[in-house]
Number of protein chains: 2
Amino acid sequence: MNPTRFHWKGLEQVAAQVLSCAGARREDAQLVAQSLVHADLRGVESHGLSRLPIYVQRIEAGLIELSLRPALIVRQGATALIDGKNQFGAVVGVAALDEAKQLARQNGIGFVGVRHSNHFGSCSYYAEQAVAEGLILLVLSNAPASMAPTGGIEPFFGTNPIAVGIPAGEEPPFLLDMATSVAARGKIALAAKQGTPIPGDWAIDADGLPTRDPTKALLGSLLPIGGAKGYGLAMFIDIFCGLLTGAAVGPGVKSLYGNWQHPQDIGHVFLCIDVQRFLPLETFRKSMDEYIRQIKSVPTACGVAEILIPGEIEQRTMTARKKDGIPLPQTVVEELTKLCSAYGTDLSQAVCTA
Amino acid sequence: MNPTRFHWKGLEQVAAQVLSCAGARREDAQLVAQSLVHADLRGVESHGLSRLPIYVQRIEAGLIELSLRPALIVRQGATALIDGKNQFGAVVGVAALDEAKQLARQNGIGFVGVRHSNHFGSCSYYAEQAVAEGLILLVLSNAPASMAPTGGIEPFFGTNPIAVGIPAGEEPPFLLDMATSVAARGKIALAAKQGTPIPGDWAIDADGLPTRDPTKALLGSLLPIGGAKGYGLAMFIDIFCGLLTGAAVGPGVKSLYGNWQHPQDIGHVFLCIDVQRFLPLETFRKSMDEYIRQIKSVPTACGVAEILIPGEIEQRTMTARKKDGIPLPQTVVEELTKLCSAYGTDLSQAVCTA
């Protein structure tokens with residue numbers, strides 16, 4: 001049976017309705033819904049509507065602040081510090097993005113630190129918006145502990161992601177969005193459910209030994225990319241997002257799923273660069289196009305059809321899904337159906353009618 | 001036989017004398033010598049005085065511009081663009097560092113792009129200086145092609161390094177300095193000389209297949225950390241350092257060893273952050289100390305004596321080598337001895353007398 005396909009605009013409306021009924025302001029609800037559907041459009045299901053139920057549960061538990069606005073603590077020179085006030089991560093993220101864009105337009109670069117935020121969806125959501133305005137954006141975030149420092153056996157760092165968006169011209173923009181761990185915890189959980197082994201470089205068990213057993217991996221710790229290099233990257237991101245901004249760091253960042261006493265207190269950094277301080281945007285776009293074409297013309301290994309630019313496959317998926325609908329996994333459809341009916345709306349109104 | 005040990009100040013003097021005799025201005029010669037000995041002190045021999053002979057050969061070949069100064073092309077807001085004028089990389093790097101520090105003090109952050117530079121030693125040389133002044137520094141550089149894009153089989157990107165320096169208090173500072181490749185080409189060349197196999201994740205052969213044969217690896221391409229993630233990191237660094245600044249990119253960056261027609265035209269980015277825009281420096285230093293101690297107290301895997309912070313082992317090596325001397329490898333001693341005598345100086349004056 002083919003999975004049911006949903007219209008992306010329809011999904012945005014339904015999700016916004018749920019969030020709105022759960023108590024979110026209308027515009028916040030729309031923004032959070034957009035950020036989640038953005039991930040589903042790009043084929044990054046882990047950061048898509050599969051997160052809506054947990055977002056709503058945290059609202060119900062009183063762990064998200066729906067009434068306060070993210071507040072500018074200080075703006076000085078080309079830097080700013082924002083207190084997310086424990087609002088939805090996406091609401092906080094967009095406020096920080098707007099501030100970073102404004103600072104970059106004024107100063108060539110803008111550096112915005114964010115404290116007291118929540119899970120803010122995928123970093124690419126923000127990078128894509130900056131790129132659409134001809135700006136470069138670098139986004140960092142810390143996350144709940146899942147990765148041990150090199151040599152250690154207990155999770156300390158999150159999968160602390162880094163994203164970079166860079167506009168191009170006719171070619172798709174550069175849109176890198178990566179965790180500093182080799183694999184996502186979600187992939188290991190899935191392997192555990194299916195009873196299949198995982199690659200040997202994904203995780204260590206509780207004794208610090210590499211394991212292919214997903215069940216043991218879940219009791220252990222994720223491995224960073226490049227060994228000690230990825231540990232270094234995760235640590236610098238944690239320092240930038242947490243120590244510098246006043247957000248939580250390391251195991252102080254609360255779990256989205258496992259902590260029902262405290263807000264997450266996640267920290268982010270948004271770094272925006274105005275290309276035009278260095279060269280005319282149109283010249284830059286042309287250079288990017290040439291550069292991308294040069295990379296794509298490198299001879300490929302046997303069995304490789306083409307070289308892809310970071311973000312390119314996701315952009316193609318987005319184009320296809322805007323046209324043909326989003327095929328949500330059955331488990332997600334079931335969860336969302338229940339959630340929608342509990343909040344007086346109906347998921348089926350978003351089903352594609354072809 | 002124990003290797004001969006050299007006094008670091010003595011090595012700086014001898015190296016500066018060679019560079020000076022080769023035509024460099026006195027202060028430029030001293031600065032380049034310092035940047036190389038800095039790497040030897042930290043135990044990073046690949047970026048130390050082993051590079052002095054090739055630097056001198058490029059001077060002799062007329063490929064380094066000894067008379068011009070790095071020039072500020074534009075300074076606007078919190079950004080600047082510097083033309084290295086094909087001077088020594090370290091001379092250009094320090095000019096960019098100074099500009100970035102000044103911009104950060106004025107605006108909270110400073111972003112300096114650099115074009116027309118050369119091999120500038122190890123990034124940690126600059127990060128260490130910023131950290132000593134209580135500043136955060138992020139350094140990026142592109143480099144001659146040695147790494148294929150994921151799916152490709154010909155080198156396109158350099159090992160494009162990223163370095164981050166962050167001050168602490170009583171604990172050693174955070175000093176990450178890493179290539180975006182799994183291993184350095186120099187390590188593979190060494191394995192080829194010794195006839196020993198290399199780990200399977202270091203390189204691909206000329207057909208794009210993973211290889212443990214170092215000779216085949218040298219004809220192929222280095223692999224990036226984390227697969228496509230490292231490819232994405234290397235590409236964003238290339239775009240920042242090259243397309244944005246007007247330096248060369250991809251295979252356009254000339255080899256330090258293999259190209260005798262053209263200057264390297266390397267590009268760098270220096271991003272400096274003034275901690276005090278976010279919180280008092282002393283408070284930050286204390287938080288860093290606590291944070292580092294927390295990481296170091298994570299339980300370790302069997303056989304692991306302690307958890308190290310990025311840069312910690314290098315800092316210990318530096319302390320030991322300042323005290324006990326630098327044990328240069330015999331091949332480097334031989335090369336330097338010849339070079340010194342050709343330039344009217346004597347390496348043996350730097351030998352430790354204990």
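The values are calculated or read from the model by the stated rules, or taken from the named source; none is laboratory data. Computed from a prediction, not measured in an experiment: that's the story for all the values here. As a convention, Cβ positions derive from the backbone with ideal geometry for all residues, glycine included, and neighbour counts pool all protein chains shown.
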Residue check for A:Tyr291: at pLDDT below 95 and of a type in the set (Phe, Trp, Tyr): no
Those strands (runs of 3 or more DSSP E) lying entirely in the range A:76-154 with at least 3 residues farther than 19 Å from A:Leu176 by Cα: A:79-83, A:109-117
Subset of the range B:164-186 [among the charged types (D, E, K, R) and either under 17 Å from B:Glu314 (Cβ atoms) or out of contact with any strand residue (DSSP E or B) (no Cβ under 7 Å at 6 or more places or on another chain) (or both)]: B:Glu170, B:Glu171, B:Asp177
Selected residue [among the charged types (D, E, K, R) and closer than 30 Å to B:Leu244 by Cα] from B:Glu99, B:Glu12, B:Glu60, B:Glu45: B:Glu99
Residues of the range A:44-64 classified as crowded, with 17+ Cβ neighbours inside 10 Å and not β-branched (Val, Ile, Thr), total: 10
Yes/no for B:Ile188 being closer than 27 Å to A:Pro224 by Cβ, in contact with a helix residue (DSSP H, G or I) (Cβ under 9 Å, 6 or more places away or on another chain) and either without any contact (Cβ under 8 Å) to a residue 24 or more places away in the chain or within 8 Å of another protein chain (Cβ to nearest Cβ) (or both): no
Among the candidates B:Glu335, B:Glu306, B:Glu312, B:Glu282, residue that is surrounded by 15 or more Cβ atoms within 10 Å (Cβ to Cβ) and closer than 23 Å to A:Gly250 by Cβ: B:Glu312
Matching entry among B:Thr331, B:Thr353, B:Thr337, B:Thr319 (being in a loop (DSSP other than H, G, I, E, B) and away from chain A (no Cβ under 14 Å)): B:Thr353
Scope the range A:64-82; condition without any contact (Cβ under 8 Å) to a residue 60 or more places away in the chain and either closer than 29 Å to A:Arg51 by Cβ or among the charged types (D, E, K, R) (or both); matching residues: A:Leu66, A:Ser67, A:Leu68, A:Arg69, A:Pro70, A:Ala71, A:Leu72, A:Ile73, A:Arg75, A:Ala80, A:Ile82
Pair list, Cβ under 9 Å, 6 or more apart: the range B:267-288 residue in contact (Cβ under 8 Å) with a residue 40 or more places away in the chain, other residue among the basic types (Lys, Arg) and not in a helix (DSSP H, G or I): B:Gly267/B:Arg115; B:His268/B:Arg115
Lone qualifier among B:Asp28, B:Asp40 - being over 23 Å from B:Gly311 (Cβ atoms), assigned to a helix (DSSP H, G or I) and among the acidic types (Asp, Glu): B:Asp28
Residue tally, condition surrounded by 24 or more Cβ atoms within 10 Å (Cβ to Cβ), in contact with a Leu (Cβ under 8 Å, 6 or more places away or on another chain) and closer than 20 Å to A:Gly110 by Cβ, over the range B:82-127: 7
Qualifying residue in the range B:286-301 (condition: in a loop (DSSP other than H, G, I, E, B), facing another protein chain (nearest Cβ under 7 Å) and closer than 25 Å to A:Met288 by Cβ): no
Matching option when the condition is surrounded by fewer than 20 Cβ atoms within 10 Å (Cβ to Cβ), more than 11 Å from chain B (Cβ to nearest Cβ) and among the small types (Gly, Ala, Ser), among A:Gly258, A:Gly227: A:Gly258
Candidate set from the range A:173-195 (those that are within 21 Å of A:Glu45 (Cβ to Cβ) and at pLDDT 95 or above); member that is surrounded by the fewest Cβ atoms within 10 Å (Cβ to Cβ): A:Met178
Residues of the range A:266-283 satisfying the condition of being over 15 Å from A:Thr79 (Cβ atoms), within 11 Å of chain B (Cβ to nearest Cβ) and of a type in the set (A, V, I, L, M, F, W, C): A:Val275, A:Phe278, A:Leu279
The one condition in (1) in a loop (DSSP other than H, G, I, E, B); (2) more than 9 Å from chain B (Cβ to nearest Cβ); (3) free of Cβ contacts under 8 Å to residues at least 60 places away in the same chain that A:Thr159 fails to fulfil: (3)
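With respect to B:Gln102, is the statement that it is out of contact with any Cys (no Cβ under 7 Å at 6 or more places or on another chain), of a type in the set (S, T, N, Q), on the phi < 0 side of the Ramachandran plot and within 14 Å of chain A (Cβ to nearest Cβ) true?
Against the criterion (out of contact with any Cys (no Cβ under 7 Å at 6 or more places or on another chain), of a type in the set (S, T, N, Q), on the phi < 0 side of the Ramachandran plot and within 14 Å of chain A (Cβ to nearest Cβ)), B:Gln102 qualifies.
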A:Leu233 vs. criteria assigned to a helix (DSSP H, G or I), assigned by TED's automatic domain parsing to the domain that holds A:Ala80 and either touching a residue at least 12 places away in the same chain (Cβ under 8 Å) or within 30 Å of B:Asp274 (Cα to Cα) (or both): yes
Filter result for A:Phe270 (hydrophobic (A, V, I, L, M, F, W, C), assigned to a helix (DSSP H, G or I) and touching a Gly at 6+ places or on another chain (Cβ under 9 Å)): no
Of all residues making up the range A:198-217, the number that are in a helix (DSSP H, G or I) and either within 12 Å of another protein chain (Cβ to nearest Cβ) or in contact with a helix residue (DSSP H, G or I) (Cβ under 6 Å, 6 or more places away or on another chain) (or both): 3
Considering residues of the range A:45-77 that are out of contact with any Gly (no Cβ under 9 Å at 6 or more places or on another chain) and within 14 Å of chain B (Cβ to nearest Cβ) only, the residue nearest to A:Arg321 (Cα to Cα): A:Leu72
Some residue of the range A:328-344 being acidic (Asp, Glu) and in the same structural domain as A:Glu128 (by TED's automatic domain parsing): no
